[in-house]
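*Asks:* Structure in structure tokens, see below.
The values are calculated or read from the model by the stated rules, or taken from the named source; none is laboratory data. This one's a predicted model, so the numbers in the text were calculated from it and none came from an experiment. Because the Cβ atoms are built from the backbone with ideal geometry, glycine has one as well, and the counts that use them run over all protein chains shown. Only protein heavy atoms, including side chains, enter the accessible area calculation; ligands, DNA and RNA are left aside. Shrake-Rupley method; radii C 1.70, N 1.55, O 1.52, S 1.80 Å.
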Amino acid sequence: MSRSAERKKSWWERCCSCCASNRGEDTEDYVSSSGGGFIDRPGRPTDRPRDPDGSGRGTESETGTDTVTGPRTGEGRDRSDRSTDINLDDLPSGEISKTALQIQSVDLLKSRNGENRQSHHTDQYEYEDLIVRRGKPFKICINFKRSFNIKSDQIAVILQMANGQPITLPLIKEFDEGGWGCQVSDVSGQKVMLWVNTSAQAPVGKYQLSVRTQCPGGSYAHPTDSSLKVYLLFNPWCRMDAVFMDNEAWLQEYVLNENGRIYYGTEYQIGERSWSYGQFDKGVLDAVMYILDRGGLSPTSRGDPISVTRVVSALVNSMDDNGVVAGSWADDYPDGVNPVAWVGSVDILLRFHQTGSSVKYGQCWVFAGVTTTVLRCLGIPGRTITNFASAHDTDKNLTFDVYFDENMKPLEDKNSDSVWNYHCWNDCWMTRPDLPPGYSGWQAIDATPQETSSGTYCCGPSPLLAIKNGLVNIKHDTPFIFSEVNSDKVFYQRMANGQFKKVHVEERAVGHCISTKAVGSNAREDITYLYKYPEGSAEERNSVRTAAQYGNKPMAVAEPLTSDDIVMTVESQDGVLTGSDINVRVLLNNRSSSRRSLSLTMSVAVMYYNGVCKESFKNDTRNVSINPGETKSVGMLVSYNEYRTHLLDQAAMMLTVSGIVQETSQKLAKQHTFRIRTPDLAITVHGEAVVGQQITAEIKFQNPLEIVLHNAVFHVEGPGLQRPKTVPVGDIGPRKTVSIQENFTPQRPGPRQFIASLESNELNQVHGSTEVVVRSS
């Protein structure tokens, strides 16, 4: 498209594609794609094909008066529809009033079913206030105490955030591109319909709106009315907003979807839990605004998604600033909620806002779930990510290091690095004008407090493209996230002189099955390809090499061994139901032409999901002889009676196997994680779901153990269905079944999810969900 053709496109159309759709105009790209995949127009991320559908929402007047179809703009104005516009020069000049233009009332047209809320995609928020998105005009209606003279009377709208500087929006004939202003839409005697436009870079937050008038008879300021408040959010539908996302299916999923799936377990046995994001529930928006206020962002920073998401990643955890959620990995929560019992973000955010104190307790999926709620509530596209076998690089050397003594037995006091069974964080979508071209699009942020960044427990945003290519010099916190998904696992053996030498480098140890909920379904989508190249490929090895170079550290390479002819693999029964025995086995294959003898040490420890192990509860040493070409299996039985008193909430264990081949001095080392599956809740909804009509959900659970479960409590929740609630059920006997019935009244139509979990002293991580389709009354 030529520059002259580009200039002909109206601001109304270029700013917001859904606005152009409302006007019935044809929309097209006013800047052609550079072909890079991430960039559409300068700084605009788009790594998916265009969505041709748009929003297609109507724009009927809320007052019944005739209105123009859209505000007037300075560029590309369609002269054929001027009969519907108010032309200041063509109107008859009546008698100018000599009295002040006093305001009788201001109507923000804030109905959830009205044009403002629906066209701004904010009609789902359970608020009766005006909630709009920046960069897109909205209407207000002003009633004066006398007739309005469009030739001589002037109106200015003032927006002010808390104690910030007021922003005056003057009455203008045509909107400037992306600027502040207001514009007369329709005049009917004493009633004036006004378009109000906010900048696409405006600070997000809660504003107080007021109106000032001026006429030949004097000026008049409408008294401050606390009901005239406006929530202003990011606008991913607006082309000029830094969070613009040009894919309607993605917008429906990553901004408007209230229900999620969060994945956990191990790469070999992936579990999933439903999560209620509930970003539209009553009270959540105010809680999110409270978080931003606590973050102390300047007004300019509140308009920048880079600054906002960085503060969100810091404020969702309680470190440094007494933020939303206090983390605990102690497996004992007497003064709070067990992290596995939460089923959504709403209860957590409301508790934090009401008390101002951190909510106890959370772990990585809780931090990530709450962060997704905050992002979507603000209008920043966001999703929850799970990385399986996720490294925590404590010494920032871009590798995961494991230390053994002279006999290849683990040195637990030196093994500070850890590999989490899984770790959850978030992706958010934005431009990156602070970086060279090409790094807009998905950015990783992490609210779980692991390491500090610039002195604060926060992480990101880091471009996925930088992580994938090992460009750890690209901000923010790319080295840490790169290590989580693509660091090498390096095994060291202590020598007789006390020094350590590398004996083995495992290149495929971390960063597997990176998962998120798929767009438009509850399926798991594997997005590992966005974070790293295929394991072992030249590109992937080059990324590791690049990261090492930027980190001023040579790439990890094991010292050459005289012989490496014994290959060891480990297998386990993964996903065995709690209460059952578990079989694990080590397979040893002799690829040499000679007999080999070795001493094999096996130890099993219960582990926290973050890779930290308790002291091993079972140890075994075997002497094994293997004939040439033979594969020998060495098995171990872990009985329920052996592990039941050691088990933690995540029901995970680690088997560490090490050994030395006598003939060649070859060192063997392997760590293998596995988990035990917990039972699911069965949920059945009785009756037809209709807005405003009570129905019943039945929740059933059978105790799989031969012991009593003490102090059992159900947690239930569902966006648009059920506010967060706890239902105590007391003790549950061995192998006994308990059933409860929960009555609830749907508040909003559409497909919804009812989610529940069970918490007890002896068994946790028990949850279930069911879909409920609610029809309008």
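*Asks:* Work out how much length ASP225 to THR696 would gain on full extension: take 0.36 nm times their residue separation and subtract the Cα-Cα distance, in nm to one decimal. Let's see the in-between values first.
*Replies:* Working: separation 471, 0.36 × 471 = 169.56 nm, distance 4.21 nm.
That works out to 165.3 nm of additional length.
*Asks:* Separate question: Using the heavy atoms of the protein chains alone and a 1.4 angstrom probe, what is the accessible area of the stretch 488-557 per residue in square angstrom? All intermediate terms of the calculation are to be shown ahead of the outcome.
*Replies:* Working: 3370 Å² over 70 residues.
For the stretch 488-557, the solvent-accessible area averages 48 Å² per residue.
*Asks:* What is the gain in length, in nm to one decimal, between GLN154 and GLN573 on full extension, counting 0.36 nm per residue of separation less the C-alpha to C-alpha distance?
*Replies:* Details: separation 419, 0.36 × 419 = 150.84 nm, distance 7.67 nm.
Fully extending the segment from GLN154 to GLN573 adds 143.2 nm.
*Asks:* Quick one: pull the percent of accessible area on the stretch 170-219 belonging to carbon and sulfur, 1.4 Å probe, ligands and nucleic acids left out.
*Replies:* On the way: 710 of 1730 Å².
Carbon and sulfur together cover 41 percent of it.
*Asks:* Averaging over all projection directions, find the projected area of the Cα convex hull of the stretch 273-389 and quote it in nm² with one decimal place.
*Replies:* On the way: hull surface 30.4 nm².
Average of the hull's projected areas for the stretch 273-389 equals 7.6 nm².
*Asks:* Fully extended, how many nm does the chain gain between LEU637 and ASN583 (0.36 nm per residue separation, minus their Cα-Cα distance)?
*Replies:* Numbers: separation 54, 0.36 × 54 = 19.44 nm, distance 0.47 nm.
19.0 nm is the gain from fully extending LEU637 to ASN583.
*Asks:* At 1.567 mPa s and 4 °C, plugging the Kirkwood radius over alpha-carbon pairs of the stretch 236-315 into Stokes-Einstein gives what diffusion coefficient in µm²/s?
*Replies:* For the chosen part, D equals 86 µm²/s.
*Asks:* How would the stretch 422-479 be classified by its alpha-carbon gyration tensor: rounded, prolate or oblate, with rounded meaning a/c under 1.5 and the a/b versus b/c comparison settling the rest?
*Replies:* Details: a/c = 1.73, a/b = 1.51, b/c = 1.14.
Prolate shape, in that a/c is at least 1.5 and a/b is the bigger ratio.
*Asks:* How much accessible area per residue does the stretch 702-777 have, counting only protein heavy atoms and a probe of 1.4 Å, in square angstrom? Can you show the working numbers first?
*Replies:* Values: 3190 Å² over 76 residues.
About 42 Å² of surface per residue is accessible.
*Asks:* Towards the positive end of the charge dipole of the stretch 660-727, with charges on Cβ (+1 Lys, Arg; -1 Asp, Glu), say which of ASN703, THR673, VAL690 has the farthest Cα.
*Replies:* Of the options given, the answer is THR673.
*Asks:* Over what distance in Å are the Cα centres of the stretch 697-771 and the stretch 268-307 separated?
*Replies:* Distance between centres, Cα-based: 26 Å.
*Asks:* Quick one: grab the alpha carbon gyration tensor of the stretch 133-274, order the square roots of its eigenvalues as a ≥ b ≥ c, and give me rounded if a/c is under 1.5, else prolate or oblate depending on whether a/b is larger than b/c. Don't skip to the answer; put the middle values down first.
*Replies:* Working: a/c = 3.14, a/b = 2.64, b/c = 1.19.
Here the stretch 133-274 falls in the prolate category.
*Asks:* Grab the beta carbon distance between GLN190 and ASN113, set R0 = 41 Å, and tell me the FRET efficiency rounded to 0.05.
*Replies:* On the way: r = 26 Å, r/R0 = 0.63.
So the FRET efficiency works out to roughly 0.95.
*Asks:* For the pair GLU706 and LYS501, what calculated FRET efficiency results from E = 1/(1 + (r/R0)^6), where r is the Cβ-Cβ distance and R0 = 60 Å, to the nearest 0.05?
*Replies:* Numbers: r = 49 Å, r/R0 = 0.82.
Rounded to the nearest 0.05, the efficiency is 0.75.
*Asks:* Counting only protein heavy atoms and a 1.4 Å probe, tell me what percentage of the stretch 665-777's accessible area is made up of carbon and sulfur.
*Replies:* Working: 1970 of 4680 Å².
Summing carbon and sulfur atoms, their accessible area is 42 percent of the total for the stretch 665-777.
*Asks:* Now a separate question. In nanometres, what is the gap between the two model label sites at LYS725 and THR645, each 7 Å from Cα along Cα-to-Cβ?
*Replies:* Rounded to a tenth, the inter-label distance reads 4.1 nm.
*Asks:* Can you give me the Kirkwood hydrodynamic radius for the stretch 456-551, using every pair of distinct Cα atoms, in Å to one decimal?
*Replies:* It works out to 14.9 Å.
*Asks:* Top to bottom by accessible area (1.4 Å), largest first, where do LEU587, LEU637, LEU349 land? Don't skip to the end; give the middle numbers.
*Replies:* Details: LEU587 35, LEU637 85, LEU349 0 Å².
Result of the area sort, largest leading: LEU637, LEU587, LEU349.
*Asks:* Moving on. Which lysines have a Cα lying under 29 Å from the Cα of LYS667, excluding residues fewer than 8 positions away in the same chain?
*Replies:* Answer for LYS667, where 29 Å is the Cα cut-off: LYS396, LYS409, LYS414, LYS489, LYS501, LYS502, LYS553, LYS614, LYS618, LYS632, listed by chain and number.
*Asks:* Could you work out Rg/(2.2 N^0.38 Å) for the stretch 124-213, with Rg from alpha carbons only? The partial results should precede the final answer.
*Replies:* Numbers: Rg = 13.5 Å, N = 90, 2.2 N^0.38 = 12.2 Å.
The value comes to 1.11.
*Asks:* Using 7 Å Cα-to-Cβ label points, what is the LYS409/ALA523 separation (nm, one decimal)?
*Replies:* It works out to 5.0 nm between the two label points.
*Asks:* Would you tally the net charge around VAL624, using a Cβ to Cβ cut-off of less than 9 Å, leaving VAL624 out, and scoring K and R as +1, D and E as -1? Working shown, then result.
*Replies:* Values: positive: ARG596, ARG622, LYS632; negative: none.
Surrounding charge for VAL624 is +3.
*Asks:* With the full set of protein chains in place, find how many percent of the accessible area of the stretch 220-313 is carbon and sulfur; take the probe as 1.4 Å.
*Replies:* Values: 1230 of 2540 Å².
The C+S portion of the solvent-accessible surface of the stretch 220-313 is 48 percent.
*Asks:* Taking the alpha-carbon centroid of each part, what is the distance from the stretch 153-195 to the stretch 508-552 in angstrom?
*Replies:* 49
*Asks:* Another question about this same structure. As an exercise, use a Förster radius of 30 Å and the Cβ-Cβ distance of ASN743 and ASP293 to find the FRET efficiency, rounded to the nearest 0.05.
*Replies:* Details: r = 37 Å, r/R0 = 1.22.
So, using R0 = 30 Å, E works out to roughly 0.25.
*Asks:* Quick one: net charge around TYR125, please, counting Lys, Arg +1 and Asp, Glu -1 for every other residue with C-beta under 12 Å from its C-beta. Intermediate values should be presented prior to the final figure.
*Replies:* Numbers: positive: LYS110, ARG112, ARG117, ARG133, LYS282, ARG376, ARG748; negative: ASP123, GLU126, GLU128, ASP129, GLU258, ASP281, ASP286.
Summing Lys/Arg as +1 and Asp/Glu as -1 gives 0.
*Asks:* Can you bin every Cα-Cα distance in the stretch 637-731 into 10 Å intervals starting at zero and give me the percent of pairs per bin, rounded to whole numbers?
*Replies:* Here the calculated profile for the stretch 637-731 is 10, 28, 23, 17, 11, 7, 3, 1.
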